[in-house]
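The values are calculated or read from the model by the stated rules, or taken from the named source; none is laboratory data. From a predicted model like this one, the values you see are computed outputs, not experimental measurements. Cβ sites come from the backbone with ideal geometry, for glycine too, and all protein chains shown count toward neighbours.
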């Protein structure tokens, strides 16, 4: 977690002095504080901090890692991938595979799916999954529809072979026809960065952004979330032949409280089983939001004895959505680490 | 289901709107409370009460509550 915190109460100017609008956003969407990186810090840095803490807590040596997977849409470089950069920084062995996954809010579950398959197929003993983003850096600070939403974060998760049999059910879905509903339109090969793509434009609602900033069609993304997510969750528990009530926690991508409460309402699940305070504490942290909710809201419980049936589900850019139902036995470590004070 | 009920649902969905303050002819997009958050809360209301996935384009096309009601129930 970056240590620098912003608060929507300090951004009255962004909302043209409209304190009523800020109050509405706080009450309904749950926006409040968010953690953002300071210039010079990247998602790779946040993930490295998390990985080092995990390796200490697990008594893990670099040579124990067979594969490192980085999930990010805000890598240090367009080439090479973050996984290769972090492979070097973490002194991982040459025998260790390293790859990136270019996904956002669904990415953590995709990463777990890959790691799970690698371990269950027998090719890997231990996979290090690093998921993190600095979306605050690609949002225009004058875009009041997006700027107050996004925070930054990085995470590290270890998936390893164990003697305990634990089943997991995954569901991964895509609607590529909606690719342009959540997009950074320029800066890649389709529309290379130029003076034109950096020109800031004011939209109908008065929000400012350039083609190199993140754009989100909020209405369509909201529609997508409240239609596809409840369906995906129901389909997954049916597939696993598990009753919805038998799930201890539903940890969704922490988009915002309004979306999460709408999903919970449509599923008719107990809201106390749905962590949704992460956004107001840290902001929407993209690929790091599910691990952030696990550590920040359930960490203590997940590190106590016992097994919990947990459903994790991410949804967003792609459009892409992914869910997993898994039994988590006592974890060795599940905590928030402050990036500035961890070293 | 009626236009009057729809107006009441709309008033309830959008924060900071007084009950009985809107009419069929109200241009909802000119309301001070109409912002990107109101778009979400109205979409959620229409989904829950009218079982319809309200596309953003429909909201763009309509100005009055009567016109929006016609699209929601049409």
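Points to keep in mind about this one:
- For residue A:296, the criteria (1) over 11 Å from the mean Cα position of the chain (by Cα); (2) not in a helix (DSSP H, G or I) hold in every case but one, which is (2).
- For the stretch A:1-40, the set of residues classified as within 14 Å of residue A:152 (Cα to Cα) and either within 14 Å of chain B (Cβ to nearest Cβ) or in a loop (DSSP other than H, G, I, E, B) (or both) consists of A:1, A:2, A:3, A:4, A:36, A:37, A:38, A:39, A:40, listed by residue number.
- Flag if residue A:203 is farther than 22 Å from residue A:30 by Cβ, within 14 Å of chain B (Cβ to nearest Cβ) and modelled with pLDDT under 95: yes
- The condition of being within 24 Å of residue A:149 (Cα to Cα) and more than 9 Å from chain A (Cβ to nearest Cβ) holds for only one of B:59, B:31, B:68, B:3, that being B:31.
- Any chance residue A:191 is surrounded by 14 or more Cβ atoms within 10 Å (Cβ to Cβ), over 20 Å from residue A:24 (Cβ atoms) and away from every other protein chain (no Cβ under 14 Å): yes
- The stretch B:13-28 - residue that is under 10 Å from the mean Cα position of the chain (by Cα) and within 14 Å of chain A (Cβ to nearest Cβ) and, of those, farthest from residue A:21 (Cα to Cα): B:13
- The one condition from (1) touching a residue at least 24 places away in the same chain (Cβ under 8 Å); (2) out of contact with any helix residue (DSSP H, G or I) (no Cβ under 6 Å at 6 or more places or on another chain); (3) farther than 22 Å from residue A:135 by Cβ that residue A:61 does not meet is (1).
- Test set (1) within 11 Å of chain A (Cβ to nearest Cβ); (2) exposed (fewer than 15 other Cβ atoms within 10 Å of the Cβ); (3) closer than 28 Å to residue A:15 by Cβ - residue B:40 fails condition number: (2)
For (1) within 24 Å of residue A:78 (Cα to Cα); (2) part of a strand (DSSP E or B); (3) touching a helix residue (DSSP H, G or I) at 6+ places or on another chain (Cβ under 7 Å); (4) outside the structural domain of residue A:281 (by TED's automatic domain parsing), each residue gets a yes or a no:
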{"position": "A:145", "(1), (2), (3), (4)": "no, no, yes, yes"}
{"position": "A:148", "(1), (2), (3), (4)": "no, no, yes, yes"}
{"position": "A:154", "(1), (2), (3), (4)": "yes, yes, yes, yes"}
{"position": "A:172", "(1), (2), (3), (4)": "no, yes, yes, no"}
{"position": "A:177", "(1), (2), (3), (4)": "no, no, no, no"}
{"position": "A:180", "(1), (2), (3), (4)": "yes, no, no, no"}
{"position": "A:186", "(1), (2), (3), (4)": "yes, no, yes, no"}
{"position": "A:192", "(1), (2), (3), (4)": "yes, no, no, no"}
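- Filtering the stretch A:240-254 for residues that are modelled with pLDDT of 95 or more and within 23 Å of residue A:58 (Cβ to Cβ) leaves a non-empty set.
- Test: residue in the stretch A:68-85 that is in contact (Cβ under 8 Å) with a residue 12 or more places away in the chain, assigned to a strand (DSSP E or B) and surrounded by fewer than 21 Cβ atoms within 10 Å (Cβ to Cβ): no
- The criterion of being within 17 Å of residue A:326 (Cβ to Cβ), touching a residue at least 24 places away in the same chain (Cβ under 8 Å) and in contact with a strand residue (DSSP E or B) (Cβ under 9 Å, 6 or more places away or on another chain) does not hold for residue A:282.
- One residue alone among A:168, A:219, A:205 is closer than 27 Å to residue A:261 by Cβ, free of Cβ contacts under 8 Å to residues at least 12 places away in the same chain and surrounded by 13 or more Cβ atoms within 10 Å (Cβ to Cβ), and that residue is A:219.
- Of residues in the stretch A:246-278 being within 13 Å of chain B (Cβ to nearest Cβ) and in a loop (DSSP other than H, G, I, E, B), the one surrounded by the fewest Cβ atoms within 10 Å (Cβ to Cβ): A:268
- Scanning the stretch A:306-314 finds one or more residues that are part of a loop (DSSP other than H, G, I, E, B), at pLDDT below 95 and more than 18 Å from residue A:43 (Cβ to Cβ).
- Within the stretch B:18-27, the residues that satisfy the criterion of being within 17 Å of residue B:71 (Cα to Cα) and in contact with a helix residue (DSSP H, G or I) (Cβ under 6 Å, 6 or more places away or on another chain) are B:24, B:26.
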